[in-house]
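Please read the structure below before turning to the comments.
The values are calculated or read from the model by the stated rules, or taken from the named source; none is laboratory data. Everything numeric in this text was worked out from a predicted model, so none of it was measured. In this analysis, Cβ positions are derived from the backbone assuming ideal geometry, glycine residues included, and neighbour counts consider all displayed protein chains.
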Amino acid sequence: MNPRNPEIYTKQDLERLVRSRKHETKIGEQCSYPLDAGSWETDLQASACRFVLLGIPEDIGVKANFGRGGAHTAWKPALESFLNQQSNAFFDGCPVFVLGHIFVDDLMEQASELSTKTAKDIDALRALVSELDVRVSDVIGRIVKSGKIPVVVGGGHNNAYPIIKGCAMALAGPVNVINCDPHSDFRPLEGRHSGNGFSYAWEEKFLRRYSVFGLHEQYNTAQVLRDFSKQNAHLFYTSYEDIFIRESKTFSAALNHNIGFVKDAGCGVEIDLDAITNVPSSAKTSSGLSPVQARQYAYQCGRQLNALYFHIAEGAPVLSHIKADNKTGKLIAYLMTDFMKGVMEAQHGETAH
């Protein structure tokens, strides 16, 4: 297999995930999918679908950033939860094309033999992330060229860089991005990892304007804050403390301000599950957004922006203290649906069906 090609899901793959019931129709029973692994691009271009689901089941970038692994476990439960939602007047499966996931088995196997305790192994992990970048940006570029919106579930936030790159290359110009995240992920260019996806995209001129919503003031370096201040025509954030501690801005006003900063051009939409209180993730927080607020963010971004993609990063159900954690996958499914409803309602001025 060419590792640059994604692992394609067949009709049988989807049928195994969907729990059919008499007198009901699930979203997964109405989604489209590639008819053949070798023709997925042709099938996608011929489809009337608006959204393309893609998984990146890896945690190499998180480990390369000295974080806790586990982000490779979010995609499958998220997809299963999404496919088993009811197809009804509010949203059905017709606008959705389920592609599959990025091939990562070989990279994950190599990463499993590396630790974060030596500089040599860290360098090797970051080299693997660079290889992953190539695979992700190539597939994203092909999806965007087909006129569709990728909905991507990771995986670490390292994947923001190749997603942004894939969009920028396909559209022949830099793009805007909004990110709901305690961290700016604007760390130094020290080799690729989950903490510098946006700084790499900025340095390589794939990123035009970048807006961070809900940044945690004490979890971003002094240098990053100086960078945002110095480049304030292109880099902007609203802090969590401004909204919820000092209460100098309401949630809605702050969100609209962040959206307004990137509204003038096509915009990628990012959310790191680290932003939501007590969600299992690589950097789980005890003080974050509520699930409802995260859902409002996803919906409003879809509705107000010319959205190029939606990327949900860092979920790690395996890190839950509950053995069978179904909540994380279900929350991701809610976020996916809310974003898609926002896009569809903006386009059609009505509920997405």
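Annotations
- Counting only residues that are modelled with pLDDT of 95 or more and surrounded by fewer than 20 Cβ atoms within 10 Å (Cβ to Cβ), the stretch 342-353 holds 1 of them.
- Within the stretch 91-106, residues that are free of Cβ contacts under 8 Å to residues at least 40 places away in the same chain sit with their Cβ atoms under 9 Å from residues that are surrounded by fewer than 22 Cβ atoms within 10 Å (Cβ to Cβ), at 6+ positions apart or across chains, in these pairs: 105/3; 105/7.
- Hey, residue 168 outside any loop (DSSP other than H, G, I, E, B) and more than 15 Å from the chain's Cα centre (by Cα) or not: yes
- Flag if residue 55 is in contact (Cβ under 8 Å) with a residue 12 or more places away in the chain, of a type in the set (Gly, Ala, Ser) and buried (at least 23 other Cβ atoms within 10 Å of the Cβ): yes
- Flag for residue 338 being out of contact with any strand residue (DSSP E or B) (no Cβ under 8 Å at 6 or more places or on another chain) and either in a helix (DSSP H, G or I) or modelled with pLDDT of 95 or more (or both): yes
- Comparison of 114, 125, 83 shows that the only residue that is buried (at least 21 other Cβ atoms within 10 Å of the Cβ), hydrophobic (A, V, I, L, M, F, W, C), farther than 28 Å from residue 170 by Cα and in contact with a helix residue (DSSP H, G or I) (Cβ under 6 Å, 6 or more places away or on another chain) is 83.
- Flag: residue 163 matches the condition of being closer than 20 Å to residue 75 by Cβ and in contact with a helix residue (DSSP H, G or I) (Cβ under 9 Å, 6 or more places away or on another chain).
- Conditions (1) part of a helix (DSSP H, G or I); (2) closer than 20 Å to residue 220 by Cβ; number of the one not met by residue 249: (1)
- In the set 236, 186, 213, only one residue is touching a helix residue (DSSP H, G or I) at 6+ places or on another chain (Cβ under 7 Å), surrounded by fewer than 21 Cβ atoms within 10 Å (Cβ to Cβ) and not in a helix (DSSP H, G or I); that residue is 236.
- Residue within the stretch 8-18 that is under 20 Å from residue 141 (Cα atoms), in contact with a Pro (Cβ under 7 Å, 6 or more places away or on another chain) and surrounded by fewer than 21 Cβ atoms within 10 Å (Cβ to Cβ) present: yes
- Filter result for residue 199 (under 25 Å from residue 64 (Cβ atoms), among the polar types (S, T, N, Q) and within 15 Å of the chain's Cα centre (by Cα)): no
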